[in-house]
Amino acid sequence: MRRARRLAREVRATAVSFAGTHIRADVIWFCVPDGAIASAAASLIGAADWKEKVTLHSSGALTSSELDVLHQRGAAVASVHPLMTFVRGSRPPLAGVPFAVEGDPKAVRTARAIIRDLRGQPFAIRKKKDQKEVYHAWGMFASPLLTALLAASERVAMAAGVTRKAARERMLPILTQTLSNYSRLGAPSSFSGPIARGDVATVRKHLKVLQRVPGAREVYIALARSALRDLPAKNRAPLDKLLGTNAK
């Protein structure tokens, strides 16, 4: 509760216990873990007359159906998910951030107005469970798994005699340029290195030395095979053989 009160003060709001509380707000936004959305909604059934109210939740993987218990009582419901990473010690601006929105027309209109007030960019996603899950997996590729790749890169750097801190600093120029290239040119035109050149000998050397770095070789192989699938590369057949049959 202390954390809730501290957050409320920061946003000039008031934190209260919902026990016996009557909700007068027109818009109620559930910002709780995915597994708690349905139960949180159910716990507030008696806290308001839900007719004419709009209820939102922020899950990227779950649809607005998680709020069915309130929808059945007259509320318009929607899911509203920002495609952004939020971690302790970082407060990214919401300006320009895409928000995936799906749900009842009234709730979607309300959500879009809120997003525009935040200077975000709303976009529609279909109310299909598997589509929301794939959308969320896309977000996983864009940030958490990218962070995992950077962590693996640090371990490879350490095997080359570079400290984690120095690796992080020295990777920034190439990472920044790669993202800049990707933004301007797209993935195919941003792809470089031995796979793009078809340098089988160098890839073979990489596979050999990465045996010294637990887990890194597997990451390398998975990403290299993905590159062969999606990006321009020379000497595809020998690279595919090297990364497939002989890489195991």
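The values are calculated or read from the model by the stated rules, or taken from the named source; none is laboratory data. Fair warning: this is a prediction, and the values are worked out from it, not measured in the lab. Because the Cβ atoms are built from the backbone with ideal geometry, glycine has one as well, and the counts that use them run over all protein chains shown.
Here are the numbers for this structure:
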{"quantity": "Residues that are of a type outside the set (D, E, K, R), closer than 18 Å to residue 104 by Cα and either without any contact (Cβ under 8 Å) to a residue 60 or more places away in the chain or not assigned by TED's automatic domain parsing to the domain that holds residue 115 (or both), drawn from region 22-58", "calculated": "28, 29, 30, 37, 38, 41, 50, 54, 55, 56, 57, 58"}
{"quantity": "Options 104, 130; residue that is at pLDDT below 95, of a type in the set (Asp, Glu) and under 30 Å from residue 63 (Cβ atoms)", "calculated": "130"}
{"quantity": "Per-region count, region 195-242, residues closer than 24 Å to residue 158 by Cα and not small (Gly, Ala, Ser)", "calculated": "20"}
{"quantity": "Count of residues meeting criterion [within 21 Å of residue 115 (Cβ to Cβ), part of a loop (DSSP other than H, G, I, E, B) and charged (D, E, K, R)] in region 53-80", "calculated": "1"}
{"quantity": "Residue list for region 192-230, filter: outside any helix (DSSP H, G or I) and either at positive phi or loosely packed, with under 15 Cβ neighbours inside 10 Å (or both)", "calculated": "192, 193, 198, 214, 215"}
{"quantity": "Filtered residues of region 115-160 (kept if without any contact (Cβ under 8 Å) to a residue 60 or more places away in the chain, of a type in the set (Ser, Thr, Tyr) and either surrounded by 15 or more Cβ atoms within 10 Å (Cβ to Cβ) or assigned to a helix (DSSP H, G or I) (or both))", "calculated": "147, 153"}
{"quantity": "Every pair of residues 6+ apart whose Cβ atoms lie under 9 Å, when the first sits in region 59-76 and is at positive phi while the second is of a type outside the set (D, E, K, R)", "calculated": "74/50"}
